[in-house]
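Comments concern the structure below.
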Amino acid sequence: QALEQIAEWTRARFSLAADTVVLVSEMACSQPGCPPLETVVVFWDGENRYQFKFFKIAERVSEDDLPPYWMKPGLLGGEWGDCC
């Protein structure tokens, strides 16, 4: 249920269509200092793929944790880049 809620918040935050693919999952982090599980969000807007993550489990993510709309260009593709 938390994963679905995060997907809904993501659609609303980034003004995505209801049929836009938004994937939210919890993944184990293998980097030193990471929490055991982190929440990863990936979505497509047209041909562009955007991604961000939270360094906590989905149940602890709140709507206020999402990046602001104006950060959308910084969430483009790549292997996590320098953002979020």
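The values are calculated or read from the model by the stated rules, or taken from the named source; none is laboratory data. Keep in mind the model is a prediction, meaning the values are calculated, not measured. Reconstructed Cβ throughout: ideal geometry from the backbone, glycine too, with neighbour counts over all protein chains shown.
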- prompt: Is it true that some residue in the range 57-66 is modelled with pLDDT of 95 or more, surrounded by 15 or more Cβ atoms within 10 Å (Cβ to Cβ) and small (Gly, Ala, Ser)?
  reply: yes
statement: Within the range 54-67, residues touching a Phe, Trp or Tyr at 6+ places or on another chain (Cβ under 7 Å) and under 21 Å from SER30 (Cβ atoms) come out as VAL61
task: Within the range 39-54, identify whether any single residue is assigned to a helix (DSSP H, G or I) and among the basic types (Lys, Arg), and answer yes or no.
output: no
message: Can you pull out every residue in the range 10-48 that is touching a Ser or Thr at 6+ places or on another chain (Cβ under 9 Å) and of a type outside the set (Val, Ile, Thr)?
response: ARG11, PHE14, LEU16, SER25, GLU26, MET27, PHE43, TRP44, ASP45
query: Within the range 1-30, how many residues turn out to be crowded, with 17+ Cβ neighbours inside 10 Å and in a loop (DSSP other than H, G, I, E, B)?
result: 2
